[in-house]
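Reviewing the structure listed below.
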Amino acid sequence: LLRWLAGRLADETATLEDTALLPALLAGYPQLANIAILTPEGNVTGSAHPLSGPVNMHDYDAVRRALESKNIEAGLYVIGPIVKRPILHLAYAVRSPEGAVRRVVFVAIDLEWLGRLMEQVELPAEHILLIADRKGVVLASSAKPSSAAVPVGAQIPGLAESERGEKTMINAHIDGRMQPFILAPMEELPGVMIASGLPYSQIYQKANGVFYRMIVWLFLLTLGTVFSVLLFEEVALIRYLRGLSRALRRFGEGDFSARAAVPFGKGELQDMARTFNIMAETLAARHREITEAHAQLDLLARHLQVARESEAQRIARDLHDEAGQVLTSLKMDIADIQKKCRQCALSRGAGDRIEADTAAMSEKIDNMVDFIRRLSARGLPSAIELLAADMEKNSDLAVEVDITDIAGPLDWLVSTALYRIVQEALTNVARHAQASLVRVDLRYDGAEIALTITDNGRGIGSAGGRSGALGIIGMRERANLVGGSFSIEGISGKGTVIAVKIPLRERGEYNENSSG
């Protein structure tokens, strides 16, 4: 009809002067609500439905699209400005040979008629058939008039034009629930879609069928899995567990090289075997450390025994050298007194000489007693100073001693430990460090005693020293014996620093700790 009208108006001078033509045409098309002709500006110049006044339709979607197209264009759901009821415009532009728009003809499809036509369509139960415009507004529905689920004029989210011009599966909200639809464009009417809704019962029926088949397959798969697990447990799992048990038994019997075979793959069994192997490596390393520690302690015990014997011999030599000379002198004096006594009767004044000689002998004896007392009861500061002086006397090493005042006498075990550490350190410096200066600092802050020994030698690393050397082990053990800490650090070419810190305790606590 639109193309026929366009052919009638193709001539620029052609008009439809016969006002009865359009109403007559409308009478022959019951599906139409109106037929009209517009100017390119959208003014209505002819209408099959009577006009109540001037009408301009330039802004209607079908007219705007027709002005820009050479095809028949469909509009949107509207309430017709002339017929005043729901319609859908179809518009077609009449153009000159040069392509200029001369007229626009349109028809208005009566949506009530379209709805009655949809009601005559026989569909399977629960199927829904919809006709919608490009914005998803329902133009006609196969639903019964009593159903308010899909009223004409309602916009359904998701029900929109398929821009690709092909069938599309969509989901739309119908009556409060998501309804699947197959959406397809209507042939020769771009912008008008046919939407066919799939019934939920059929969807559920197919879904249930898939679900039940899946349940059956899962049941069969479960049976097969259980059987496979039992077979694997019997053939592989128990075999690996027995191997792990044998490794545990060997390890418990003292074979620290026993390891468990790690099965291929990942799982609890593999983690158990790896954990056992890590535990075995750790325990074997600890066993080696304990063995080495025992060996070092044995060496230390022998070294301490030798040191004690050497010290005892040194004290014995000191006593022999000093006391021997004094006693020899006393012996000679006594012999002289005896000689004088024999001459007493022959020489006058012999009694005075005997008294003087006796006084000299008494003084020598007093000096001897004082020396022995000082030798056996001298304090830690003076002992360290004497030790430093002796080291300077017997070597090319200069020793600086800086000692703060220590309030009260120290426990003999602390004094002995500090004295022996200084003695061992000075001996090591003299033998190995190739140093020219060593400094001994002894500090007391009321809570602990800090001893620092620093030299300017090659450093413990360059001097060939080792943290496991007997002398260093001895110093560390002496510090630990009285609850102290010991550290040694050497820097190549810059010397070595020995630091000892001993917390002060009540007298007698060191003996209790050392006995433990």
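The values are calculated or read from the model by the stated rules, or taken from the named source; none is laboratory data. Every value quoted in this text rests on a predicted model; they were computed, and no experiment measured them. Using ideal geometry, Cβ is built from the backbone for each residue, glycine included, and neighbour counts are taken over all protein chains shown. What goes into the accessible areas is simple: the full protein's heavy atoms, side chains included, and nothing from ligands, DNA or RNA. Shrake-Rupley method; radii C 1.70, N 1.55, O 1.52, S 1.80 Å.
Side notes on the structure shown:
- Scanning the stretch 467-496 for residues that are in a strand (DSSP E or B) and under 40 Å from the mean Cα position of the chain (by Cα) yields 485, 486, 487, 488, 489, 490, 491.
- Qualifying residue in the stretch 72-88 (condition: in contact (Cβ under 8 Å) with a residue 60 or more places away in the chain, in a helix (DSSP H, G or I) and surrounded by 14 or more Cβ atoms within 10 Å (Cβ to Cβ)): no
- Single residue of 247, 261, 293 found to be in a helix (DSSP H, G or I), farther than 30 Å from residue 423 by Cα and modelled with pLDDT of 70 or more: 247
- Listed by position, the strands (runs of 3 or more DSSP E) contained in the stretch 100-184 that have at least 2 residues being at pLDDT below 80 are 168-174.
Residues are listed down the side, and each one gets a yes or a no for (1) among the basic types (Lys, Arg); (2) assigned to a loop (DSSP other than H, G, I, E, B); (3) free of Cβ contacts under 8 Å to residues at least 24 places away in the same chain:
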residue: 392; (1), (2), (3): no, no, yes
residue: 396; (1), (2), (3): no, yes, no
residue: 405; (1), (2), (3): no, yes, no
residue: 430; (1), (2), (3): no, no, no
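- Residues of the stretch 128-143 that turn out to be more than 16 Å from residue 189 (Cα to Cα) and touching a residue at least 24 places away in the same chain (Cβ under 8 Å), as a count: 4
- Looking across the stretch 391-433 at every residue that is modelled with pLDDT under 85 and acidic (Asp, Glu), the one that is least open to solvent (accessible area, probe 1.4 Å) is identified as 411.
- When 62, 48 are checked against the criterion of being among the hydrophobic types (A, V, I, L, M, F, W, C), surrounded by 13 or more Cβ atoms within 10 Å (Cβ to Cβ) and in contact with a helix residue (DSSP H, G or I) (Cβ under 6 Å, 6 or more places away or on another chain), a single residue qualifies: 48.
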